[in-house]
1. If each residue's Cβ is checked for other Cβ atoms within 10 Å, how do 132, 77 rank with the fewest at the top?
2. Normalising by the residue count of the range 1-128, find the relative contact order in percent from Cα pairs under 8 Å and 6+ residues apart.
3. With the convex hull built on the Cα atoms of the range 1-89, state its orientation-averaged projected area in nm².
4. For residue 137 paired with residue 118, estimate the spin-label separation in nm (one decimal), with each label point 7 Å from Cα along the Cα-to-Cβ line.
5. Between residue 101 and residue 16, what length in nm is gained on full extension when 0.36 nm per residue of separation is reduced by their alpha carbon distance?
6. Can you give the direction-averaged projected area of the convex hull of the alpha-carbon atoms in the range 59-113, in nm²?
7. The range 1-47: Rg/Rh from Cα coordinates, Kirkwood Rh?
8. Step by step: find N for the range 97-143, compute 2.2 N^0.38 Å, then divide the Cα radius of gyration by it. What's the final number?
Ligand SMILES: [Zn+2]
Ligand SMILES: [Zn+2]
């Protein structure tokens, strides 16, 4: 969780003043009794209202509650804000705990467009082989996955470029046929103009 916490702090520092004010405003909104802390009840109520029921998972609240006092102060809530904004609310498909640290994802499920969601596992479930997934699944930790995705992203434009070139080639061919036919003479007498 330390990594996410550090990322959240860095993210917050780079927010505009307006967004920082919004974060403070949201915090005050969640803190119904105004005691400067968000308890589990206030937390769940806010997320339900926001239709963010996936985040009401108790393991996430426990992970956010750094000092373990059963409530969240503003700094701890910044991490929640970051998780909401970054879509980093991931849970182990096997034991259902919040993936607070390094985790493993099925590369195929991560990359294929038709895959409904990613298939992520905590290190304990992956290492302990406590999961069942498709046989040819290749698992990578989230850091490796990121660099592999970069390689794929770099490949994609080349593929796209090829497609564009092929299309250009087809247009050139078609144009060539036209030029080789009746259109060699002035455009006014061209039958297809
Ligand atoms: Zn697990
Ligand atoms: Zn998969």
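1. In order of increasing Cβ crowding within 10 Å: 132, 77.
2. 23
3. Numbers: hull surface 21.3 nm².
The Cα convex hull of the range 1-89, projected and averaged over all directions, gives 5.3 nm².
4. With each label placed 7 Å out from Cα toward Cβ, I get 1.4 nm.
5. Working: separation 85, 0.36 × 85 = 30.60 nm, distance 2.74 nm.
Value of the extension gain: 27.9 nm.
6. The directionally averaged projection comes out at 4.6 nm².
7. For the range 1-47, the value is 1.03.
8. In units of the 2.2 N^0.38 Å rule of thumb, it is 1.09.
Coordinate-derived values only; no laboratory data. These numbers come from a predicted model, not from an experiment. Neighbour counts are summed over all protein chains in view; Cβ atoms, including those assigned to glycine, are modelled from backbone coordinates with ideal geometry.
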